[in-house]
1. Within region 128-146, how many residues are touching a strand residue (DSSP E or B) at 6+ places or on another chain (Cβ under 9 Å) and either acidic (D, E) or not in a helix (DSSP H, G or I) (or both)?
2. Just to be sure I understand, how many residues within region 215-237 are closer than 19 Å to W380 by Cα and small (G, A, S)?
3. When the residues of region 300-338 are filtered to those that are of a type in the set (D, E, K, R) and crowded, with 18+ Cβ neighbours inside 10 Å, which remaining residue is nearest to D409 (Cα to Cα)?
4. Checking the structure you have, find out if any residue of region 284-299 is buried (at least 21 other Cβ atoms within 10 Å of the Cβ), over 17 Å from the mean Cα position of the chain (by Cα) and assigned to a loop (DSSP other than H, G, I, E, B).
5. What pairs can you find where one residue is in region 334-359 and within 12 Å of I372 (Cβ to Cβ) and without any contact (Cβ under 8 Å) to a residue 24 or more places away in the chain, the other is in a loop (DSSP other than H, G, I, E, B) and of a type in the set (K, R), and their Cβ atoms are less than 8 Å apart, with a gap of 6+ or different chains?
6. Condition first: over 21 Å from L252 (Cβ atoms) and of a type in the set (D, E). Now tell me which residues in region 173-217 satisfy that.
7. Just give me the residues in region 79-110 being touching a residue at least 60 places away in the same chain (Cβ under 8 Å), farther than 18 Å from T399 by Cβ and assigned to a helix (DSSP H, G or I), in sequence order.
8. Tell me which residues, restricted to region 312-331, are closer than 24 Å to R204 by Cα and in contact with a helix residue (DSSP H, G or I) (Cβ under 9 Å, 6 or more places away or on another chain).
Amino acid sequence: MSDQNRPFYNAVLVDGCRIPFQRSGTNYNDLMAYDLGRMAIEGLLARNPVEPSAIDRVIMGTVIQEVKTSNVARESALGAGIPDSVPAFTTTMACISSNQAFASGVDLIRTGQAKIVLAGGTETMSDIPVRFKKKFRQKVLEARKYKKPTDFLKFFKGLGFKDLLPELPAIAEFSTGEVMGESADRMAARFGVSREDQDEYALRSHQLAAKATNKGWLDQELIPAKIPPKFEVVPHDNGFREDTSLEKLAKLRPAFIKPHGTVTAGNSSFLTDGASASFIMEEETALELGIKPKARVRQYNFVSQDPGEELLLGPAYAIPKILAAMNLSLQDIDVFELHEAFAGQVLSVLTALNSDKFAKESLKRDQKVGEIPMEKLNTWGGSLSLGHPFGATGVRLVTTAANRLIKEDGKFALVSACAAGGQGHAMVLERYGK
C-alpha cells in the first residue's frame, strides 16, 4: 500500500492523571522514579475501563535515569500489573520527555500500529545517581581482572584524593557549559524582563495554584499517593507557597548571575519528584469502550535552536509554527498551558511573540504573532508553583489543558514547553465534541 492510500486514524486523549508533585527531599524521599511511575499508572488504570492486556504500548519520559531501571517505563508498567506481553519504552528529551512520549503514542495510533497507548513520565530528584570520577571507575573495572590478593596493592597507584570524591550529575549544558539559570538571566535581559516582572509572575503562579487546589479544580487530575511502609496518603502538591508575597520574593538574592542577576530561587521552578500518566486511544476504540474522550490531538511539533543564545526560547518558535500549520491565530486559542521553567523564561517568550522585531529577525515573518492573554494562561498554576519533575511535566500540561477546556467551555488548547539543549515543543488539542 502506498503512503497516500494508507489510512489515518484519529488520536484522542481519554484521560490523564498524576500523583501529587512534591518538593524533592520531602514525601517521596525514599522512593525511586519507578515507584512514582508505578503509582501514576495504577491510578490511571483504576479509573478507566481498560483491560491492561488491551494496551498496545507503554511509553514514559524520564531525564535522570536510575541504572537499575534504565527502561523505567517497562519496570513501572510491570510493577503496576500490566502484562509482560505489553511492550514499553522510555524517552528522554530533557524537560519535554513526556511530551515526546505522548507524541510517540499519537504517532503509533495515527499510523494504525496501536489502538491504546499509555503515555506518561516520571522523575525523582531526591535520589539522583551519584558516581565516582572516571579515573576511579576505570580502576574498579580493571580490578575485575585481578587474580590474586596482591594485585589489589596496585589499585590506588596513580589515584589522587580528588579522584575519590563523588561526582554529581552535571546541571550545566554539555554543549555550552552554561547553567540553565544563567541562560534564563541573559534571556530576561535581552527581552527587557525586569526582576519585578519576574517576581510578580511567580507570585501569580503560586496564588493560582493555591486557588485551583483549594477550589478542587486539580482534584480530577490528582491520584493520591500512598507512601510505604505505613502507606501514608499524600493528597496534594506541596510546592506552592500560598503565603508568599512580593515583599518576600524581593528579599531573595540572585541565584546565578551575581550580584546583578534577576533570576532567584523564588522566580525559578524547584527540584521536584512526581509522575504522570495518560491514555491516548484511537477514536473508534474509545467509543466502543463506552468512553467519551476529552480532546482530539490535532497537531504537534518539536523545534530546536542554538543552546548558547536561545536555550529556553523554544516556545517562541514552536507556537507560530503550529498556529500556521492549523491556520489559527492566538485569538482562536481558549486555553494556554506553557511550561514555567523560570518566570523570566515565560515572560521572554511572551515578549518575543508580541515583538515585530523578533518576528522579522528570527521568525522571518512580516509581523508579530501577537499577545497571549494572561487570563487564558496557566490559570491553575504552573511549574513555578506546582513543581517540575522533568520527565513528567509534559503530560501534566496536556492533562490540565484538556480539563480546562471542558471546565471553561473552550474549543482549542495550546500546550508549549522549552527544554535543555535549546529544544521546544507545541501541541494543539481540540475539545471533543465542541
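The values are calculated or read from the model by the stated rules, or taken from the named source; none is laboratory data. Here the structure is a predicted model, which means the values were calculated and not measured. Quick reminder, even Gly has a Cβ in these numbers, built from the backbone with ideal geometry, and neighbours come from all protein chains shown.
1. Looking only at that region, the number is 4.
2. 1
3. Pass one, region 300-338, residues of a type in the set (D, E, K, R): 306, 309-310, 321, 332, 334, 337.
Still in the list and also crowded, with 18+ Cβ neighbours inside 10 Å: 310, 334, 337.
Numbers: E310: 35, D334: 9, E337: 16 Å.
Within region 300-338, the match that is nearest to D409 (Cα to Cα) is D334.
4. yes
5. Every condition considered, the pairs that remain are N354/K368.
6. E173, E178
7. R110, the sole residue that qualifies.
8. Result: L312, L313, G314, P315, A316, I319, L330.
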